[in-house]
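Reviewing the structure listed below.
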Amino acid sequence: MSRAEVEGLCKLARECLQLEQTKQAKELFEKAIAADIDCSDAHDGLATIAFVEGDVPAAITHFVKLTLLKPMESRNFINLGAIYNKQGEYAKAVDVLRKAIQRDKRSAESYYNLGIAQRKLKQYQMAISAYREAARLNPKMAEAYQNLGNVYMDIDNVQMAIINFKKALEIKPDFERARLALEKAESITNSAKEAENPFGRLVTAQALQTGSKSSIAMVRELTDAERYDDRHEVKHLADEIERLSKGGLEFMKQKLEPAIVELQRTMAEGEKAQTSLADVADAYHEARNQWAELRKALKRKVLELRAHEELINAPEVTL
């Protein structure tokens, strides 16, 4: 069969697909491949049909073939990565999606699908970077913001999750998944607020009954000097926590996130990377260690604040 005849079969198959005559289209594409095993148009058509019909193994076979026939086209790697995600083969998805990024660094879909795979592999920080890059490349991709919110929920950063869910709804007001996710996140935040005890208040005797008849908890009144010291200590601790929080956020923005993105890009570029993977990895580990120290310092100040609260709320106990 001549090349023109093979192309004619593929053209007829495409027309059948437009008429939703899937069976006839499939037969025509298969005839084209029987005549020319390297007919990329036929493999593309059969991959699409297999994906729609839920025949994932067949879709993978044809998309793998397409990556070999057209190794510089990112689309085939993106589609293969998306199918690997659907199949639950996330490590394979990461591998082919990095190849897609090598071929087209401006593809938001590559980063979006990469984020899906990395989240499933619990590579949360890398997934955050991937989704952010997808949103940067395509600011109208509401799904990128919604999935970014999901990752923040995974790591218990509810406030950042809420910000991203709201952004998704701002772009796509009828986005039901984002709306439900936002409601859940806001519910968690509201429940946490309701569970907080008022700071600096002395508990009542009834609330501190130990069950022993010989113990009576008495409410202790604060002196003016104690109240002054209390306010001064609270302000000092609050200022320190605010300083550390702002410093941590700025560090994430200026150092940690760029280090993660650079590591991710270097891994994706492979041998074509201008900077060695070892150097980029060292920079990432240094940034991560500095971030860990900032977190420890912030945690210490929060514990000091809690200890102060427990001290000021401690009742006097008489026997």
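Just so you know, all these numbers are worked out from the coordinates, no wet-lab data involved. No experiment lies behind these values; they were computed from the predicted model shown. With ideal geometry, Cβ positions are generated from the backbone for all residues, glycine too; neighbour counts draw on all protein chains shown.
Overview of values
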{"read-out": "Gain upon complete extension [Glu20, Ile37; 0.36 nm per residue less C-alpha separation]", "value": "3.6 nm"}
{"read-out": "Note, ³J(HN,Hα) from phi for the stretch 110-120, Karplus 6.51, -1.76, 1.60, rounded to Hz, x at Gly and Pro", "value": "4, 5, 4, 5, 5, x, 4, 5, 5, 5, 5"}
{"read-out": "Size of the stretch 1-141 as Cα extents on the principal axes (Å, biggest first)", "value": "52, 27, 26"}
{"read-out": "The stretch 1-144: relative contact order in percent, alpha carbon pairs under 8 Å with at least 6 residues between", "value": "13 percent"}
{"read-out": "Simple spin-label estimate for Ile241 and Lys86 in nanometres, 7 Å along Cα-Cβ", "value": "4.8 nm"}
{"read-out": "Under Karplus coefficients 6.51, -1.76 and 1.60, residue-wise ³J(HN,Hα) of the stretch 87-99 in Hz, glycine/proline x", "value": "7, x, 9, 6, 5, 5, 4, 4, 4, 6, 6, 5, 5"}
{"read-out": "In order through the stretch 169-177: 3J(HN,Hα) via Karplus (6.51 cos²θ - 1.76 cosθ + 1.60), integer Hz, x for Gly, Pro", "value": "6, 5, 6, 9, x, 9, 6, 5, 4"}
{"read-out": "Radius of gyration and Dmax over the Cα atoms of the stretch 93-197, both given in Å", "value": "14.6, 55"}
